[in-house]
Structure formats: C-alpha cells, structure tokens
Amino acid sequence: MNKENPIKREGFATSLGVIAATLGSAVGLGNIWKFPYMTGENGGAAFILLYLGATLLVGLPIMISEFIIGRRAQKAAVGAYRKLAPDKPWFLTGLAGVLAAILIMSFYTNVAGWVFAYAFKAATGGIAINSPESAKEVFDSLAGGVWEPLVWQWITLVLTGTVILAGVRGGIERMTKTLLPILFVLLIAYDIRALTLPGAAQGLEFLFKPDFSKITELTVLLALGLAFFKLSVGVGTMTTYGSYIGQGESLPGTALKVMFSDILVSIMAGLAIFPAVFAFGFAPESGPPLLFFTIPMVFNAMPLGQFFLAVFFILTSIAATGAMISLLEVPVAYLHEELRFSRRIATIISVLVIAALGSTATLSGSALAEFTILGRNMFDLQDFLSSNVLMPIGGIFIALFAGWKLGSRVIFDEATNQGTLNNNSFLAVYTFIVRYVAPVAIVVVLLYGLGIIKA
Ligand code: PFF
C-alpha cells in the first residue's frame, strides 16, 4: 500500500471477471427497457443507426479513456483526477459523475422496482392478462400507485446496497459472471417466440428499415445520450471499474468486447419486443411502459406462459442489479475513498439520498404527476438531465483529459500494457478521436439538441 492511498483496494480476480463486471454494468434496463422504447418513440431503424454511430465514435473511445484513467490512477472517479492532476479542477469531472450517478439511480430504481414487481407477480401467478387493454391496466395500476412502487424501489435499493457491502470481488463478480450467460441464452429463446407471432414481419421492418424523416436535432442528442447510458460512460462508473482491472488485461480489448456484446443484447431485446408491438396493436411510441405492455402479451397465449414471464422478469431484475451495483459504487467509492467514511456508512448514506430523490421519480406516476420543471415530470427530468446533459458534458472532459492532459506516454503504456500489446494503428485512431472528434461532436450535438444554437 502506498502512503497516498492507505485504503485497501480489491480488484477483479480474472479476465472473465473483468468482462462480466463491466458487461454487468453496461447490460441492464438500458437494453431491455430503454433501447426498445426510445427506438419506438424515435422512428426505429434510423434512430438505431444514429445510436450505433454515437457508440462507435463517442461511447467506445470514452469507455477506453475511463479505463485508462482509472487503472492508471488506481482510484475511483473523483480521486483519479485528484491524483493524476493535483491542483487542477479536473476532479470536478468526477464530482459531476457522482451527481449523474445519483440522478440515474433515482429513476433507474423506479423502473427496476417495476421489473421486480412483475417478476414477483408473474412468479405468484398474479399477471392474468388476456388482452392488450388488460396488459395496460396491470401496468397502470402498479406505476400509478403510491406505496406499491415505492416499496419495490426500496427493495431494489436495499438489495443493491447489500451486494455493494459484500465487496468488489465477492459481490459484483460472482453475481454477474453466473447470470449474464443465462440471460443471453434465454433471450434467444424469447426472440424465437416473438418472431413466430403473426405480424412479426412489421416489427422487423420497423427495426431494420431506416426512415430518416423522423430525425431532428433532438433525436441526435437522444441517440448520443443513449450511447452514454448504454455503455455506462460519462459518469465515472467505468473509471472506477478501470481501477479494479488488472495490469495484464487489454483495456481496448475489454471495451470492444463489452460494446459488441452490449449492442447484441439490445438488438435481441428489440427482436423480442417489436414483433409483439405490431402483432398486438400497441403504439411503438408508448414510451417507458412499452416493455411492460408487450412482454406479458408475448407469453400470454403460450403453454407455461406465466413461468416464462416470471423467468424473463427475474433475469431482467438481475441485469438491472448489475447496472445498479456499478451506479451505486460511484457515490460509495467517493464517500469512502475521498471523504473517508467506512464503506458501510458510505453505502447507507448513498442509499438514503437515492431513496429520497428516487421517490420523486416514482411518485411522478401518481401524487406528483402534475409537478413539472422545464415541462418535464421528475422522472423524465432526471432521465433527460443525466443522459442528455450531464453524461455528455462528463464525456467531453473525459475525452479532453485523456487526449490532452494525460500525455501520449501514459496513453501508450495503458493502452498497450507497456508496449506488450500490438495495437498501434488502433491507438492512433483512438488518440485522434479523443482529441478532436469526440469533444467536438459532443459539443455540436449538445448545442443543437438543447436548442442553444438553431440550424
Ligand atoms: N448501462 C446501464 C444500462 O444500460 O442499463 C445503465 C447505467 C449503468 C448507466 C451505469 C450509467 C452507469 F454509470
């Protein structure tokens, strides 16, 4: 232990553990809930193309940058900047990330609560649905309630806090390593089921045939925001995880694998949902409830439907938990490593703050339905501010820090493991992107998307 960092740090034990944990952060409600409903709201294939472009040009390079910063510093988000750039205000990037992580957790735990509730209800035979209307009623009665969604939200928070307290290796790694592959295999089975529904072809067309007429400046910003949200970048999560990655692992290789697998899971979720949207006559623009309308209908008419429905939501709960663990880790690591709280107290404080703020998201389906700021209810506001403002701004500074401040020697050492990996051309492209392309692209998309500059 060096003097500067007397707190004992654990790391991920194996390469598989690294992939599982980072993928466990990336794969979550973003794939199964957010990607489908945003694709539905923003016109389908054209939006997906924008999202893929944003992922390659911005999301991936920023993920690599966060890994480099975290592993180099051996510190979590805020401390990493303090260590690598003492006396400079770069640590504000880390602090903005702590704020973004708390905002995301606020509404994310609301949605995760719905998913947990569906898992429980399906497992106990409580989702009796026989028509698209009844599917809507089941969701509305849950999300429009007061205590029921709140209690489910708190359950997700307590569970996440418990895993965090079990420590990095014991908690995060074990959970994600075992369960992600199961989710993956089952999604294939669910796709087959959805694709054999009558009317499935229309869903496929929506997913794969681009129509650019729906694209506006705001859509481009939304696609960029989704790219950040999906890969868990711009918040400090991947910086923190980077600090746990062993010296022998390839950082660009890890990031590439995570990106490809993550995209695949989103597409597979889209393939399970869009055939059902059209087969059962739901509006693709249904918004956040889309998943909860469609999936119960997919399983409705089949043998063992309730069983498969329960399994689907249990797996989605697990995927959401992996992401929530990584989000909660951001404020916990900050309070623990920077402010010297014990991990237990850091976890309790973070959970309480998120529970308080998160209840405003959850109650925007009922008691706070009429309460809006900037024309958005609290749920939408937290979602919009985090994905479409804070994460992109965080991304700009992460890219600038990696591209201009760290120095090419550090980048070379971390990206090639002291010259032992041969990826020079990749490195050249990466450096060019983080120096110029990513920061400029994010600034332009933000300015136009937020309407600060008009075309
Ligand atoms: N990537 C997660 C998902 O798609 O569900 C959400 C997320 C996790 C966003 C961690 C940001 C983050 F730091």
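Each value in this text was obtained by applying a stated rule to the coordinates, not by laboratory testing. What you see is a predicted model; the values in this text were computed from it and never measured. Every residue, glycine as well, gets a Cβ built from its backbone with ideal geometry; the counts of neighbours run over all protein chains shown.
Brief remarks follow.
- A full extension of the chain between residue 256 and residue 426 corresponds to an added length of 60.1 nm, given 0.36 nm per residue minus the alpha carbon distance.
- Reciprocal of mean inverse Cα separation for the chain (Kirkwood radius, Å): 22.0 Å
- Reachable lysines from residue 34, criterion Cα separation under 28 angstrom, eight or more residues apart if same chain: 121, 136, 177, 209, 214, 230, 257, 454
- Residues of type lysines that residue 88 reaches as a straight line, Cα spacing below 18 Å, ignoring anything fewer than 8 places off in the same chain: 75, 405
- Label separation (residue 345 vs residue 165): 1.5 nm, computed from points 7 Å beyond Cα along the C-beta direction.
- Percentage relative contact order, the chain, counting C-alpha pairs under 8 Å, at least six apart: 34 percent
- FRET efficiency for residue 14 and residue 372, using Cβ-Cβ distance with R0 set to 41 Å, rounded to 0.05: 0.30
- Simple spin-label estimate for residue 146 and residue 211 gives 4.3 nm between the two label positions (7 Å along the Cα-to-Cβ direction from each Cα).
- Per residue, the average separation of C-alpha pairs within less than 8 Å and at least 6 apart gives region 374-455 a relative contact order of 37 percent.
- Semi-axis lengths (Å, descending) of the ellipsoid that matches the C-alpha gyration tensor of region 26-101: 32, 13, 11
- If you wrap the tightest convex hull around every Cα atom of region 394-455 and split its volume per residue, you get 78 Å³.
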